[in-house]
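Chemist: Shown below is the structure under consideration.
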Amino acid sequence: MSLIEIENLSKVYTIGDTSTHALRAVSLQIDDGEFVTVMGPSGSGKSTFLTIVGGLSAPMSGRVVIDEIDIYSLRRDGLSDLRREYIGFVFQSFNLVPYLNVLENVLLPLAPTGMQAKKQTAVAGDILTEVGLYEKAKHLPGELSGGEQQRVAIARALINDPLIILADEPTGNLDTATSESIMQLFKLLNERGKTILMVTHNPGYRSYSTRAIDFRDGTIVGDDMKYIPQMSADYREGREFQQNIWTHD
Amino acid sequence: MRVYHIGLKNLKRRRVRTALTILGLALAVAIEVALTGITKSLEYDFSRKLDEYGANILILPKSDDLSLDYGGLSVAGVTFGSEKLGMSDLAKIKAIKNSENIATVVPQLFHAADVNGRNVIVSGVDFNSEFRLKRWWRSSGSRPDEPDDILAGSAAAQALNLKPGDDLEIAKHHFRVAGILTETGSQDDKLIFISLPAAQKVFDKGEALSMIEVSALCYNCPIDSIVAQIGEKLPNAQVMALRQTIETKMDVMHRIRHFSIILSVAVVLFAALMIFVNMMSSITEREKEIGIFRAVGFKRKHVLAVLLFESLIVSLSAGIVGYLFGISGAYLARPLMGLHGIQGFGIDTILTAFALSIFVGVSAAIYPAYKAARLEPTVALRSL
Ligand SMILES: Nc1ncnc2c1ncn2[C@@H]1O[C@H](COP(=O)(O)OP(=O)(O)OP(=O)(O)O)[C@@H](O)[C@H]1O
Ligand SMILES: [Mg+2]
């Protein structure tokens, strides 16, 4: 069984008398440790696909199974738990909360968990160091550059140590050099075992990924698999541990 | 970081908006507090004045001999054989448990007498307390202050053809007309008043009394228990509350109170509407942020918690500010209302202020917060 099993996803948006078929029976399997880039023309359904896979909006038909959990069969709060435990989102427009400082933005997913303040700060400190923003922990997002803001967003996506990172054009608002460093960061995360699904318009970024999907008119028209990475034994243990937390929750 | 930290941070960021919302709600609380204080004080003041205005308790000897009609009530014992009320009873009345509610105790002795060949009722009274109790009494001539002074009711004066300065003989004792009462429209018009000691002497009644009128200050006091307490002290007397007098007073009190309640409700509804509108527009502005919360794993209840915590903080602050404004306002308004003190700033007013402010603040926030929590995360995130 793959980490993410996507079966026959369909989504139609209806506004007034016009319906848009954003997704037409899309199926896909993504294994643990893959780095998948998703490309395609504007309006081809990439963002829709990502939000459905991430448990943010329900499909009209089809299933998304993550780690053997049929996510849309979960009760509502279960879906929130799943997002928090399994998925980290990174958006094109960073989506930081403007009145929370860097540290607080990174801690946001932990706020409802009841984790001790000390432990929260320790975990966030490590991650901020990793993305190179430890010094700016007390800054507000408005005081940071675009690249720095996106690093904060990535740090926030990592705080719960999720298995999967979903990124929708994370470099869309950044200049070339900054984009490269962000892509380096994603590559590093993938090498450490994160499964990444990333929408991008830059064909050059395929080289960072292990697999490239092409969308057109709500269907997958290309699937170019380069190689399936091997999971390290350490990582597998870590994953089993996380699974236990999930099933006992 | 906890969920409520987020609410606090947001309130801090939108300082001006937060301050204005607090101020708006505080104003409503202040008006409610001030109105309550002023109303209570007015009621207190008013009822004190009203209570002094005429008796509300009547004490008569127990008797079957109903021979005199006084103000619609039958007064026994004009020709009593066995006196059951006496001067010593006055002290007993003042010694009841609710004695601080007793404003005036007015003893009276009635006796029929032949004056200038006509049969009239002579009433022995304590002129000072009588004038205090019957503030509507006006007289021509002078106020009686000598032991042999007479105050004549208007009808009696007319029938006997009396004017101030006239000499008069009652039961073989000499009296002088000091003043004539202007018409009162009551039984008093037909009476001739002399001082109580003089009446007791000339009619040879010793310490006896025919009736005691009591004026109890009945602001928030149970008239029935005062009646019961007097009845206990005076087992041989018949103690009655003058319901009509009391109910008229209560009616005035209730009108004042109703007016203040209507005004408070209007102000509070207005404040609730203001908070509601404010919250609704703030939710629209915060859609994106709510989408972020949901995307990172907040449940609906966590979004609700953030928003309701914010309104709880606003409400609590408004409760404090409003209470302080309210007392200050009531004190400042004192001279305008002709009041000396302000009543009712006890713990119950504080609690009411907080309860009101939290109820209004939080209940006006519930629907907008609920609406926000129900937003689909993708819809919220799209509003970029
Ligand atoms: N909330 C919505 N309501 C109505 N139509 C929508 C909605 N979201 C997306 N669509 C439509 O669905 C189609 C797919 O949209 P989607 O955002 O998934 O495309 P995309 O591939 O991400 O495009 P882009 O590269 O421009 O981001 C588009 O035609 C879009 O107009
Ligand atoms: Mg898109």
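The values are calculated or read from the model by the stated rules, or taken from the named source; none is laboratory data. What you see is a predicted model; the values in this text were computed from it and never measured. Using ideal geometry, Cβ is built from the backbone for each residue, glycine included, and neighbour counts are taken over all protein chains shown. Note: areas computed on protein heavy atoms with side chains; ligands, DNA, RNA excluded. Shrake-Rupley method; radii C 1.70, N 1.55, O 1.52, S 1.80 Å.
Chemist: What accessible surface, in Å², does a 1.4 Å probe find on B:SER225, ignoring ligands, DNA and RNA and rounding to the nearest 10?
Modeler: It works out to around 40 Å².
Chemist: When the accessible area of chain A is computed with all protein chains present and a 1.4 Å probe, what percentage of it is carbon and sulfur?
Modeler: For chain A, the apolar C and S fraction of the accessible surface comes to 49 percent.
Chemist: Still on this structure, I have one more. Where in region B:1-35 does accessible area fall by at least 20 Å² between the isolated chain and the complete protein assembly, at a 1.4 Å probe radius?
Modeler: Residues losing area: B:MET1, B:ARG2, B:VAL3, B:ILE6, B:LYS9, B:ARG13.
Chemist: What is the log10 of I(q)/I(0) for region B:56-241, computed with the Debye formula using one identical point scatterer on each Cα and no solvent, at q = 0.08, 0.11, 0.15 Å⁻¹?
Modeler: Result of the Debye calculation: -0.25, -0.47, -0.87.
Chemist: Hey, another quick one. Putting +1 on Lys and Arg Cβ atoms and -1 on Asp and Glu Cβ atoms, find which of B:ILE22, B:THR36, B:ILE350 reaches farthest to the positive end of the dipole of chain B.
Modeler: Of the options given, the answer is B:ILE22.
Chemist: Turning to a different aspect of this structure: Compute the semi-axes of the equivalent ellipsoid of region A:34-161, taking the square root of 5 times each eigenvalue of the Cα gyration tensor, and list them largest first in whole Å.
Modeler: For region A:34-161, the semi-axes come out at 28, 19, 12 Å.
Chemist: Going by the alpha-carbon gyration tensor, a ≥ b ≥ c the square roots of its eigenvalues, is region B:180-281 rounded (a/c under 1.5) or, if a/c is not under 1.5, prolate (a/b greater than b/c) versus oblate?
Modeler: The shape class here is prolate.
Chemist: Considering the convex hull of the alpha carbon atoms of chain B, report its projected area averaged over all viewing directions, in nm², one decimal.
Modeler: Hull-based average projected area comes out at 25.3 nm².
Chemist: Same structure again: Evaluate the charge dipole of chain B about its Cα centre and quote only its size in Debye, nearest 20, assuming +1 on the Cβ of each Lys and Arg and -1 on the Cβ of each Asp and Glu.
Modeler: So the magnitude is around 3520 debye.
Chemist: At q = 0.14 Å⁻¹, what is the base-10 log of I(q)/I(0) for region B:303-384 according to the Debye formula with one equal point scatterer per Cα and no solvent? Please give it to two decimals.
Modeler: So the normalised log intensities are -0.61.
Chemist: Another question about this same structure. Using only Cα atoms, find the angle between the long axis of helix B:223-233 and the longest principal axis of chain B, and express it within 0 to 90 degrees, rounded to the nearest 10.
Modeler: 40
Chemist: Okay, moving on. Near B:GLY297, within a Cβ-to-Cβ distance under 9 Å, what is the net charge of the other residues, with Lys and Arg +1 and Asp and Glu -1?
Modeler: +2
Chemist: Can you send over the carbon and sulfur percentage of the accessible area for region B:56-241, probe radius 1.4 Å, protein chains only?
Modeler: 47
Chemist: P(r) for region B:240-312: what percent of alpha-carbon pairs falls in each 10 Å bin, starting at zero?
Modeler: In order of increasing distance, the bins hold 15, 26, 17, 14, 12, 10, 5, 1 percent.
Chemist: Relative to the first principal axis of the alpha-carbon coordinates of chain B, what is the inclination of helix B:300-337, with its axis defined by its Cα atoms, in degrees from 0 to 90 and to the nearest 10?
Modeler: Result, in degrees: 30.
Chemist: So which of B:LYS97/B:LYS201; A:LYS119/B:LYS371; A:LYS138/B:LYS301; B:LYS40/B:LYS84 end up more than 30 Å apart, counting from Cα to Cα?
Modeler: B:LYS97/B:LYS201; A:LYS119/B:LYS371; B:LYS40/B:LYS84
Chemist: Kindly compute the accessible surface that chains B and A hide from a 1.4 Å probe when together, both sides summed, and give it to the nearest 100 Å².
Modeler: 2500
Chemist: Roll a 1.4 Å probe over the protein heavy atoms and report the accessible area of B:THR352 in Å², nearest 10.
Modeler: The accessible area of B:THR352 comes to roughly 70 Å².
Chemist: A further question follows. If the only charges are +1 at each Lys and Arg Cβ and -1 at each Asp and Glu Cβ, what is the size of the charge dipole of the protein assembly as shown around the Cα centre, to the nearest 20 debye?
Modeler: 1020
Chemist: Can you check how the C-alpha radius of gyration of region B:171-235 compares to 2.2 N^0.38 Å, as a plain ratio?
Modeler: Output field value: 1.57.
Chemist: Still on this structure, please answer the following. With the other protein chains left in place, how much accessible area per residue, in square angstrom, belongs to region B:125-231 at a 1.4 angstrom probe?
Modeler: 44
Chemist: Now, a different point. Keeping every protein chain in place, order B:ILE180, B:ILE350 by accessible area at 1.4 Å, biggest value first, i.e. largest first.
Modeler: In descending accessible area the options line up as B:ILE350, B:ILE180.
Chemist: Give the Rg/Rh ratio for the protein assembly as shown, taking Rg as the radius of gyration of the Cα atoms and Rh as the Kirkwood radius, to two decimals.
Modeler: 1.38
Chemist: Identify the trypsin sites (Lys or Arg not before Pro) of region A:61-150 meeting these criteria: DSSP loop state and at most 10 other C-beta atoms within 10 Å of the C-beta.
Modeler: For trypsin sites (Lys or Arg not before Pro) across region A:61-150 that sit outside H, G, I, E and B with at most 10 neighbouring Cβ atoms in 10 Å, the list reads A:ARG75, A:LYS138.
Chemist: Still on this structure, please answer the following. Helix B:243-285 against the longest principal axis of chain B: what's the angle in degrees, Cα atoms only, rounded to the nearest 10?
Modeler: So the helix axis and the longest Cα principal axis differ by about 10 degrees.
Chemist: By the gyration tensor of its Cα atoms, with a ≥ b ≥ c the square roots of the eigenvalues, what is the shape of region A:89-138: rounded for a/c under 1.5, prolate for a/b over b/c, or oblate?
Modeler: Oblate shape, in that a/c is at least 1.5 and b/c is the bigger or equal ratio.
Chemist: Another one. For A:PHE35, which sequence-distant residues (separation of 5 or more, or a different chain) have an amide H within less than 5 Å of its own amide H, given hydrogens modelled in the peptide plane?
Modeler: Long-range HN contacts for A:PHE35: A:ILE196, A:THR210, A:ARG211.
Chemist: While we're looking at this one, here's another question. Determine the shape class of region A:36-78: with a ≥ b ≥ c the square roots of the Cα gyration tensor eigenvalues, call it rounded for a/c under 1.5, and otherwise prolate if a/b is greater than b/c, oblate otherwise.
Modeler: prolate
Chemist: For the protein assembly as shown, what is the percent of antiparallel DSSP beta bridges, rounded to the nearest 5?
Modeler: If I count the DSSP bridges inside the protein assembly as shown, around 70 percent turn out antiparallel.
Chemist: Here's another thing I want to ask about it. With N set to the number of residues, divide the alpha-carbon radius of gyration of chain A by 2.2 N^0.38 Å and report two decimals.
Modeler: 0.99
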